[in-house]
Number of protein chains: 4
Amino acid sequence: MFNKTSFLDRAQELVAAGRELHAQGWVPATSGNFSARVDEQHIAITVSGRHKGRLTTEDIMLIDYQGQSLDGKKPSAETALHTQIYQHFPEANVVLHPHSPAATAISRKYKDRLILENYELLKALSGITTHANKVGIPIFQNDQDIPRLAEEVAACLKEYPDIKGYLIAGHGFYTWGKTAEDALRHVEALEFLFDQELLSLRISPS
Amino acid sequence: MFNKTSFLDRAQELVAAGRELHAQGWVPATSGNFSARVDEQHIAITVSGRHKGRLTTEDIMLIDYQGQSLDGKKPSAETALHTQIYQHFPEANVVLHPHSPAATAISRKYKDRLILENYELLKALSGITTHANKVGIPIFQNDQDIPRLAEEVAACLKEYPDIKGYLIAGHGFYTWGKTAEDALRHVEALEFLFDQELLSLRISPS
Amino acid sequence: MFNKTSFLDRAQELVAAGRELHAQGWVPATSGNFSARVDEQHIAITVSGRHKGRLTTEDIMLIDYQGQSLDGKKPSAETALHTQIYQHFPEANVVLHPHSPAATAISRKYKDRLILENYELLKALSGITTHANKVGIPIFQNDQDIPRLAEEVAACLKEYPDIKGYLIAGHGFYTWGKTAEDALRHVEALEFLFDQELLSLRISPS
Amino acid sequence: MFNKTSFLDRAQELVAAGRELHAQGWVPATSGNFSARVDEQHIAITVSGRHKGRLTTEDIMLIDYQGQSLDGKKPSAETALHTQIYQHFPEANVVLHPHSPAATAISRKYKDRLILENYELLKALSGITTHANKVGIPIFQNDQDIPRLAEEVAACLKEYPDIKGYLIAGHGFYTWGKTAEDALRHVEALEFLFDQELLSLRISPS
């Protein structure tokens with residue numbers, strides 16, 4: 001029983017998210033990919049290789065929870081990272097993977113993880129109630145072998161089941177939320193925090 | 001005797017301010033909050049947790065000068081910082097609290113205060129008539145206990161009764177003005193000056 | 001014999017320039033001022049203290065070549081710097097004074113002058129035909145005494161009669177052109193070059 | 001047999017590209033130039049000295065493969081660099097030469113070439129399938145003698161026949177694609193990568 005209207009609503013949210021993120025410079029060229037849970041059998045996801053600032057609903061396709069195409073289109077190469085998030089976080093309904101300058105630069109600077117602390121904006125991440133929290137953002141080495149990368153993410157999720165997002169070195173970050181609005185808020189907050197970390201690296205020697 | 005039209009006018013000014021500040025990247029995610037004096041009994045203020053770039057007048061609520069909600073909505077957690085400003089500065093009618101990258105980075109770099117000097121743009125701050133003035137911007141440590149933070153601000157206002165704004169570490173800044181236009185001018189000017197201070201830290205070793 | 005249409009045409013060009021420069025962040029708050037030659041007796045100039053991103057033709061006024069108001073409005077405090085340029089450069093018909101972050105930061109870094117060299121974009125400055133030219137941009141110390149500042153500029157113009165613009169420390173820059181389009185091209189080019197100089201200061205130690 | 005419609009289609013693509021690149025700050029003042037293959041005898045190219053953010057189809061002219069004007073207008077001074085690319089890369093149909101801050105700064109920092117590696121966004125360049133590829137971007141010294149510069153580029157193309165773009169010191173970069181969309185994707189990707197390299201230079205000493 002597939003609900004076409006529900007798919008189109010999700011697709012339109014992803015199209016709008018793409019325009020918003022591209023306007024900020026956070027999905028340059030054909031980088032990034034987005035998805036949304038449609039129902040217990042279907043996920044909407046961006047078609048491989050499309051420019052995220054110029055998406056139409058034709059660029060959003062249907063896959064199942066094994067990442068198989070349900071409509072003949074070719075999904076993003078990183079589909080397995082999306083389905084994994086939906087399986088691990090039952091409350092996540094939208095997954096966004098931007099590829100911003102700050103996220104990319106900071107992901108190449110540190111190994112393993114970035115610790116964020118003493119930022120009021122940490123409170124924009126669901127479940128964080130004070131700036132004094134230490135929030136760890138895992139960093140994975142980039143890998144074109146997505147199943148292998150997904151396994152590393154899986155091991156990390158086992159150890160840290162409530163992370164709010166993760167970085168891939170030289171390759172942006174993943175974050176998610178209950179709604180498109182939540183996921184976009186997480187993107188804005190993490191992007192701001194990555195940029196702050198970069199700024200403080202640049203002024204720290206003084 | 002509450003004037004509904006007056007409230008809606010103020011609410012629309014705050015909605016417009018939010019759109020303008022968000023377009024600059026100065027209120028990322030759900031950060032920041034804004035208020036405006038309606039009359040001697042009423043203050044309009046942003047509802048807690050709303051995205052400042054997408055406000056409607058429904059996201060602006062009414063409180064009294066003790067910070068109590070008058071319409072059942074939940075005001076910003078930092079309401080006490082707003083009411084304090086209206087009580088201390090009789091000529092202040094609009095209070096803006098942006099959370100910009102430059103303000104946040106500079107607020108984490110210095111302790112206690114930032115001194116601004118030799119900037120023509122200091123003249124954009126009400127009452128400053130020459131770039132040669134030294135303008136001190138107090139920096140408070142961030143605190144989730146807002147009454148305690150308000151007490152620190154109160155002590156500072158006693159000592160420096162004519163400050164033009166203040167920073168909270170890792171948490172942006174507060175400024176105010178006679179009108180929304182004045183307050184926005186103060187935001188633009190302070191933001192520019194914080195960014196200049198950051199720039200000079202980055203080039204100073206040479 | 002004053003031509004009202006000609007004044008309004010010039011005023012509209014200044015309004016448009018203001019919107020364009022403010023959108024770039026080059027005239028924050030009420031900084032900056034602009035003018036245009038109307039005829040041999042009249043100059044159009046921005047009224048003192050207006051926000052340059054929100055100008056209307058009401059914010060543009062008429063002065064004579066001695067800088068006296070001809071319509072009862074109060075011209076920019078820096079009017080004498082504008083009239084001086086029209087008197088020195090007969091071919092200049094538009095003068096723009098932006099107050100951008102890069103110009104302000106670079107003007108505080110160097111004393112006396114900035115030398116620009118090996119930039120293709122130097123060719124965007126009228127009369128420069130190769131990147132190999134050395135272009136000197138004078139830097140004056142900021143001064144609230146505008147007649148005194150104008151004297152320093154006069155001495156410099158005597159020695160270097162064909163400069164393309166100048167910086168005032170902590171206070172942006174002046175440039176000019178035959179048309180509004182020329183002057184705006186000079187702004188874009190100088191702004192780019194000041195930003196390049198700042199960038200190279202930040203990466204130079206390596 | 002010249003197809004006017006085909007020329008106008010290409011011209012409109014270049015006009016749109018100009019608006020998009022200028023909005024990003026990548027063709028300041030009158031910098032940059034663009035072209036598109038019309039057919040085996042004709043190339044559309046930007047007229048010399050026009051502002052790329054305000055192009056109309058009147059600012060696009062016709063040349064032949066020797067770079068001669070076919071309509072009396074004066075083509076960009078760098079026309080020979082465009083025709084060379086069309087002759088070397090039969091699949092290239094659009095050539096874009098932006099003049100962005102990051103490209104200009106990085107082109108002045110290194111001699112001979114820039115090596116890009118470990119960036120997922122390398123995959124946005126046609127023919128690159130993994131972030132692990134080393135992609136070399138040649139850097140040529142700037143030269144107002146365009147035939148001499150074209151000879152240096154020719155020697156480089158002989159040695160590295162499949163480069164994706166090149167930098168000219170202090171003068172931006174050239175890249176190309178099968179379609180305007182491809183060429184714009186290359187611009188966005190290279191711009192992002194040049195900016196990353198600049199960022200890492202600024203944080204590397206720590």
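Worth a mention:
- If you run the Gaussian network model on chain D, springs between alpha carbon atoms under 10 Å, then out of D:PRO138, D:PRO90, D:PRO98 the most flexible one is D:PRO90.
- Each principal axis of chain D carries a Cα extent, and these read 59, 34, 33 Å when sorted largest first.
- Largest to smallest accessible area among D:HIS88, D:HIS99 [probe 1.4 Å]: D:HIS88, D:HIS99
- Once all protein chains are placed together, A:VAL135 keeps about 10 Å² accessible to a 1.4 angstrom probe.
- Averaging the Cα positions of each part gives two centres, and for the range C:157-199 and the range B:38-87 these lie 45 Å apart.
- Above-threshold pairs, the threshold being 20 Å between Cα atoms, out of C:LYS123/C:LYS164; A:LYS73/D:LYS134; B:LYS111/B:LYS164; B:LYS109/B:LYS178: A:LYS73/D:LYS134; B:LYS109/B:LYS178
- Among B:THR129, B:THR104, B:THR83, the residue with the largest mean-square fluctuation in a Gaussian network model of chain B, with springs joining Cα atoms closer than 10 Å, is B:THR129.
- Residue by residue, the range B:45-55 carries 3J(HN,Hα) couplings of 8, 5, 5, 4, x, 8, 7, 6, x, 10, 5 Hz when phi is fed to the Karplus relation 6.51 cos²θ - 1.76 cosθ + 1.60 (θ = phi - 60°); x denotes Gly or Pro.
- Per residue, the range A:77-206 exposes 37 Å² of solvent-accessible protein surface, assessed with a 1.4 angstrom probe and all protein chains in place.
- Kirkwood analysis of the range D:153-204, using all unique Cα-Cα pairs, places the hydrodynamic radius at 12.4 Å.
- Calculated P(r) tail over 42 Å for the protein assembly as shown, as whole % of Cα pairs: 36
- Placing dummy labels 7 Å off each Cα toward the beta-carbon, the span from C:TYR160 to A:LYS158 is 6.8 nm.
- Helices of chain B meeting both criteria, an alpha-carbon length of 24 angstrom or more along the long axis and an average Kyte-Doolittle score not below -1.0, with helices taken as full DSSP H segments, are B:4-23, B:180-203.
- Karplus-derived HN-Hα couplings along the range A:113-129 (A = 6.51, B = -1.76, C = 1.60, θ = phi - 60°), whole Hz, x at Gly and Pro: 7, 10, 9, 10, 7, 6, 10, 4, 5, 4, 5, 6, 8, 3, x, 9, 10
- Chain A, helix-only ellipticity at 222 nm - DSSP H runs n ≥ 4, -39,500 (n - 2.57), divided by all residues, nearest 500: -12500 deg cm²/dmol
- For A:PRO90, neighbours were defined as the other residues whose beta-carbon sits under 14 Å from its Cβ, and their charges (Lys and Arg +1, Asp and Glu -1) total -2.
- Its relative contact order, with pairs defined as Cα atoms under 8 Å and 6+ residues apart, puts chain B at 20 percent.
- Expressed as a whole percent, the accessible area of the protein assembly as shown that falls on carbon and sulfur atoms is 49 (1.4 Å probe).
- A viscosity of 1.002 mPa s and a temperature of 20 °C, combined with the Kirkwood radius over Cα pairs in Stokes-Einstein, give a translational diffusion coefficient for the range A:40-86 of 200 µm²/s.
- Between chain D and chain A, roughly 2000 Å² of accessible surface gets buried, counting both sides and using a 1.4 Å probe.
- Global form of the range C:78-182, assessed from the alpha-carbon gyration tensor, a/c cut-off 1.5: oblate
- Taking label positions 7 Å along the Cα-Cβ direction at both B:ALA132 and B:LEU8, the computed distance is 5.2 nm, reported to one decimal.
- Shown here: the range A:97-136, whose C-alpha atoms stretch 28, 20, 13 Å along the first, second and third principal axes, sorted largest to smallest.
The values are calculated or read from the model by the stated rules, or taken from the named source; none is laboratory data. Because the structure is a prediction, the values reported are computed rather than measured. Neighbour counts are summed over all protein chains in view; Cβ atoms, including those assigned to glycine, are modelled from backbone coordinates with ideal geometry. Ligands, DNA and RNA are excluded from the accessible area calculation, which covers all protein heavy atoms including side chains. Shrake-Rupley method; radii C 1.70, N 1.55, O 1.52, S 1.80 Å.
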